[in-house]
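Everything below concerns the one structure shown next.
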Amino acid sequence: MQLNISCSEELTDELARFSGRYTVQPDSLSNFDVHLENHQIEALQWINLCENMEPFGGILADDKGLGSTCTIICWLLLKKLENRHSTHSNYAGETLIVCPKAILTQWVDEIRAVAGDQLRVYEYIGKNRDINNISNADIVITTYRVVTYDAKKETNPLNLKWRRLILDEAQAIRNTNAECSKAICALNSHFRWAVTGDPIQNNEKDFMALLGFLCRGQLRKDKRLCLRRTMSDVHSTEQIQKFPTLNEFSIEVELNVQERILYDKVRNKLDRQVQRRSMIHLVRVQRLQQLCSHPYLIRSMGIIKREQYEGEGYFDYSNTSDDNVLSLRNPIFDRASPSTKILKASEIIDRCILQNKEKIIVVSHWKELLEILKEYLNTGSRELRIMTLTSSNTQDTIKNFNESDEPCVLLLTLGLAKSGLNLYGANSLLVMDSHWNPHLKPQSAIYRMDQRNRNVSVYQLVCKDTVDGTIQQVQQNKLNLAFQVLRASAISTIRRVIKYFQSLWL
């Protein structure tokens, strides 16, 4: 299938009238064996503009799932074809891509799907990695961990003159004092690109860190340097012809009587510890979240007495004293005793798998909670296929999950879910516990342009009158902050880029 760009001709003409040398022409894209949507073609125009002006790069901050990886690969292929007759290069390396380990293979597969054998890739990872093997590579791809490790060597193998440096999931360098950020910023390249769907996680400093990388420490606020389109932006302007429908459900869960008694007692004790400054507030929030998910997760806390569980028949539920409730003899701490959240999750999974014959992903902060859920799902007469995604089996599990037609459950932690995974094989996602950062959207793993299913459902479990509600308020506050910062610091359409350039010379 050839690239269809007819819907973007007006935009192309407008850019051509402004400056032909800064425009990606239709004939340069016509031989691509890939379909690009309007917003991706706009991004190519923007990338071309940015690479022709200082600081020679930008921040592509489109929402996850909008095809930024494909856009970047198309740009690299365009430049390769453009320079195919050149026999001399001033650079020791062409393009260095740095990404999380979990999605490195995903990048390699996408490059092959888009460019075939036109772009040669060298994976600079593992103990046997050798920088001398990059001489014929158009793209060298590695991880943040490898860059950080090599920077500590007496002679850094990556300390070359690169033509182009591209960071995927670029929020990894938001802490400018971290070794990773320092190692990345020390790399030498002419063009620099930061690709992230989460440009702001905590505050404006996150975004400024990306600008610092881009501008090589010489901070400058310039709307031209950041292109940001959200799912709703692209969907509402009909820039994508076919896009899955997202249905989001916030499911309120009522703690049972024993869970409520335990929650109130633990909350009161933690509040006193925070007041005495013997515990930081973030830890308090985390412990209460764990309690809401399953009390077993807080069994090792100092306020829980280490008394032996003797069985439910030996516990006096009428005794609500701290000594009785906050003790491991309380059956509520038993791993095999399902919490209210576990029961609700099981109900949703049964409906998706057994009734609707669908595939569903379950995400949680805590690996241990996923293990408890798996144990519970394996009880009784259910026959469920359950897969667990870990950092050691990522690519094989993703491939099996996406390509299988059999209904199944995929369990993964939020740490993996937020790393840009493509799990288009599922059309349902269950989030067991909220994250305070609203930009860490696990739904981006299934709510994407290449989603096979037309309807995507996301279920968020929220315990009523608990810390879960507080976290949702924090999420909203952070969304408001990000909106204000990005509205002042980013562009959302290429037309604003054109106006910016016109203002420089007219």
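Derivation of every value follows stated rules applied to the coordinates shown; laboratory data play no part. The model shown is predicted, which means the values in this text are computed figures rather than measured ones. Positions of Cβ are backbone-derived with ideal geometry, glycine not excepted, and every protein chain shown enters the neighbour counts.
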Counting only DSSP loop positions in the range 149-218, the trypsin sites (Lys or Arg not before Pro) whose Cβ has at most 12 other Cβ atoms within 10 Å are Lys152, Lys153
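Place a +1 charge on the Cβ of each Lys and Arg in the range 254-337 and a -1 charge on the Cβ of each Asp and Glu, then give the dipole magnitude about the Cα centre in debye, rounded to the nearest 20. Please report the intermediate quantities before stating the final value.
Working: 14 positive and 11 negative charges, 124 e Å.
Using Cβ point charges on Lys, Arg, Asp and Glu, the range 254-337 gives about 600 debye.
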If the cut-off is a Cα-Cα distance under 17 Å, which lysines reach Lys152, setting aside same-chain residues fewer than 8 apart in sequence?
-> Lys127, Lys182
Could you work out Rg/(2.2 N^0.38 Å) for the range 101-196, with Rg from alpha carbons only?
-> 1.06
With unit charges on the beta carbon (Lys/Arg positive, Asp/Glu negative), name the residue among Ala336, Met301, Asn324 whose Cα is farthest towards the positive pole of the charge dipole of the range 254-337.
-> Met301
Tell me, Met301, Met449 in order of fewest to most beta-carbon neighbours within 10 Å?
-> Met301, Met449
When the Debye formula is applied to the Cα atoms of the range 305-431, each taken as the same point scatterer, what base-10 log of I(q)/I(0) results at q = 0.10, 0.11, 0.12, 0.13 Å⁻¹?
-> -0.41, -0.48, -0.55, -0.62
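Nothing charged except the Cβ atoms of Lys and Arg (+1) and of Asp and Glu (-1): what's the magnitude of the dipole of the range 122-219 about its Cα centre? Round to the nearest 20 debye.
That gives a dipole near 300 debye.
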May I ask which of Lys357/Lys399; Lys265/Lys374; Lys101/Lys464 have a Cα-Cα span longer than 26 Å here?
-> Lys265/Lys374; Lys101/Lys464
Computed FRET efficiency, Cβ-Cβ of Ser232 and Lys305, R0 30 Å: what is it to the nearest 0.05?
-> 0.05
Per-residue ³J(HN,Hα) for the range 168-183, Karplus 6.51 cos²θ - 1.76 cosθ + 1.60, θ = phi - 60°, Hz, x for Gly and Pro | 9, 6, 5, 4, 4, 9, 5, 8, 5, 8, 6, 4, 4, 4, 5, 5
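Ranking Arg299, Arg287, Arg276 by Cβ neighbours within 10 Å, fewest first, what do you get?
Values: Arg299 17, Arg287 21, Arg276 8.
In order of increasing Cβ crowding within 10 Å: Arg276, Arg299, Arg287.
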Efficiency by 1/(1 + (r/R0)^6): what FRET value for Asn156 and Glu368, r their Cβ-Cβ distance, R0 = 41 Å, to the nearest 0.05?
-> 0.60
Would you order Lys305, Lys418 from fewest to most other beta-carbon atoms within 10 Å of each residue's own beta-carbon?
-> Lys305, Lys418
Over the range 254-337, relative contact order from alpha-carbon pairs under 8 Å, at least 6 apart, % | 30 percent
Tabulate in residue order the Karplus-calculated ³J(HN,Hα) for the range 150-160, using 6.51 cos²θ - 1.76 cosθ + 1.60 with θ = phi - 60°, rounded to whole Hz; enter x for Gly and Pro.
-> 5, 5, 7, 6, 4, 10, 6, x, 8, 7, 10
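If Rh is defined by the Kirkwood formula over all Cα pairs and Rg also comes from Cα, what ratio Rg/Rh do you get for the range 254-337?
Numbers: Rg = 12.5 Å, Rh = 13.1 Å.
Radius of gyration relative to Kirkwood radius: 0.96.
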Segment Asn188-Ser318, extension gain: residue separation times 0.36 nm, minus the distance between their alpha carbons | 40.0 nm
